1. Residue under question is Ala129, and the condition is that it be more than 15 Å from His110 (Cβ to Cβ), among the hydrophobic types (A, V, I, L, M, F, W, C) and open to solvent by less than 50 Å² (accessible area, probe 1.4 Å); does it hold?
2. If I ask for residues that are of a type in the set (Asp, Glu) and either part of a loop (DSSP other than H, G, I, E, B) or farther than 24 Å from Met174 by Cα (or both), which ones from segment 46-104 would you list?
3. Can you spot a residue in segment 325-335 that is closer than 30 Å to Glu9 by Cβ, free of Cβ contacts under 8 Å to residues at least 40 places away in the same chain, open to solvent by 40 Å² or more (accessible area, probe 1.4 Å) and among the charged types (D, E, K, R)?
4. Determine if segment 372-383 includes at least one residue that is within 24 Å of Phe305 (Cβ to Cβ) and of a type in the set (Ser, Thr, Tyr).
5. Within the group Pro306, Pro240, Pro258, which residue is modelled with pLDDT under 95 and surrounded by 18 or more Cβ atoms within 10 Å (Cβ to Cβ)?
6. Restricting to segment 201-232, name every residue that is open to solvent by less than 40 Å² (accessible area, probe 1.4 Å) and touching a residue at least 40 places away in the same chain (Cβ under 8 Å).
7. Please work out which one of (1) part of a helix (DSSP H, G or I); (2) over 12 Å from Glu382 (Cβ atoms); (3) touching a residue at least 24 places away in the same chain (Cβ under 8 Å) is the condition His33 fails and give its number.
8. Under the condition of being under 19 Å from Leu6 (Cβ atoms) and open to solvent by 10 Å² or more (accessible area, probe 1.4 Å), which residue from segment 97-123 is farthest from the chain's Cα centre (by Cα)?
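The values are calculated or read from the model by the stated rules, or taken from the named source; none is laboratory data. Keep in mind that this is a model prediction, so the values were computed, not measured. Here the Cβ positions follow ideal geometry from the backbone for every residue, glycine too, while neighbour counts run over all protein chains shown. For accessibility, only protein heavy atoms count, side chains too; no ligands or nucleic acids. Shrake-Rupley method; radii C 1.70, N 1.55, O 1.52, S 1.80 Å.
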Amino acid sequence: MRSMTLVAEAAALSDSIVALRRAIHAEPEIGLHTPKTRDKIREALAHLPLEWAEGPSTTGLVATLRGGAGKGRSVLLRGDMDALPMPEETGLDFASIIPGVMHACGHDTHVAMLAGAAQLLCAQADRLAGEVRFMFQPGEEGYHGARFMLEDGLLGGEGFDRPLPDAAFALHVMPNAPHGLIGGRAGALLAAADQLRITVTGRGGHASMPHDTMDPVPIACEIVGAIQTMVARRFSVFDPVVVTISKIEAGTAHNVIPDTATMTGTMRTLSAANRARLKDELPLLAAGIAGAHGLKAEVEVIEGFPVTLCDPSAVDFGEAVARDLLGEAAFLRLADPIMGAEDFAYVLEKVPGAMFFLGVSHEDADWRQCCGIHSTRMMVDESVMPRGAAFLAGLATRFLADGWGG
């Protein structure tokens, strides 16, 4: 079977996949401009028959493979490139040499697996009808990189030199999930995430004379509690909303009542309706509570990523590919969404497709105890990465051959 060959071919590429991952891991970059990572990708794939497009808003790359068997469908495979502003404490030989920057979300592995898939697909280019677009994207960690690449026309679309692809897929590693398991779900996979900032303004003074002030601190605390009551009592548990106030700042000294208290946090929703409703109701709640005490409250919402919605047909398709490639036990239907967020959501708003997760815990480890993504001690079992490359390549080959019916 061709699928068995694909897995074997991916295993043979293990050294190159791991080497690229380690090179990227050691020199992580943040944000929309990741030139060192871009150059490593271009160098690793320079020998392949790919057409490259880049920029102008980011260092994002799209490499296109045109099949030699004629025109046909187009499919996009995505890997994100950027790292996080945090220290690394893994002790790895190839740990980050950039102080305060770490690939703690697995984007180094995503790039390496996507590069591996590119090698696998180029090796059979003469048998492919249609095209594969490899999307190497910076700025996933809050920088809206996918949106910029769409706006730049790198993925195609109306007004650009080619249409959007017919399907789009992404694969994200999970260090605290079973070794080699691929997971996915139809509908909402990940939440929309917006940043929240509430400023309560009163009148400061001496801590011994609160009656001569308008203390914003207890009002801020009251608002925090009221937000949780609102979430629990005004939003359905079947369409979840999570609002977290993660930081409160007020005051400069132990004996000074401040003029203002500021709270920041996140708002996470699984539907566009609740996302819009939350943005409308939070300012009313905060202003009402502050006003009842004679103070003012202002709410600022900074829009983050939309809900990551996976097309049911695409998830069925991915499950079939995973089971065919890797065995019947290789795929898990996730019962619930995850309240994290992903900017691949921008792509899935325009193109039918899905994101899947790949368990990269060590085979002999208790995956429940492994450090998860965004941990300074996050570790990856690199032996799983060829499976990810084979899965991505399998998604592309089957879609080009059979469409969603594959």
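1. Criteria met by Ala129.
2. Hits for segment 46-104 are Glu51, Glu54, Asp82, Glu88, Glu89, Asp93.
3. yes
4. Yes, segment 372-383 contains a residue that is within 24 Å of Phe305 (Cβ to Cβ) and of a type in the set (Ser, Thr, Tyr).
5. Pro240
6. Correct list: Gly202, Gly204, Gly205, Thr213, Pro216, Ile219, Ala220, Ile223, Ala226, Ile227, Met230.
7. Result: His33 passes all but (1).
8. Checked segment 97-123; the qualifying residue farthest from the chain's Cα centre (by Cα) is Ala123.
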